[in-house]
Amino acid sequence: MKQKFGKQQSVTDDLFSVIFNYSSPENEKEFQKNMHVGVTYSLDNTSEWTVDYKSHSDASAVFNLEFYITL
């Protein structure tokens, strides 16, 4: 698997969302298996902001996405 970034957006009458995805190949950055992560940022029509994290690996893994985010 090659390193891959992706993005998409979703717009409805009630919600605007931006989704970012990243696929990490086996043995990249010390992970021994393939890792897929995504984060969705959403803003609804009441100005409520939400952030949703998702991840998947082809092996059991402990992964704290918030730990790896730097501002």
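Computed values, structure above
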read-out: Extension gain from ASP13 to HIS56, taking 0.36 nm per residue of separation minus the Cα-Cα distance; value: 12.5 nm
read-out: In Å, descending, principal axis extents of the Cα set of segment 4-57; value: 42, 16, 13
read-out: Residues GLU28 and GLU48, FRET efficiency given R0 of 25 Å [Cβ-Cβ distance, rounded to 0.05]; value: 0.10
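No value in this document is a laboratory result; all are computed from the given coordinates. For clarity, every value in this text was computed on a predicted model and none was experimentally measured. Please note: Cβ atoms are built from the backbone with ideal geometry, for glycine as well, and neighbour counts cover all protein chains shown.
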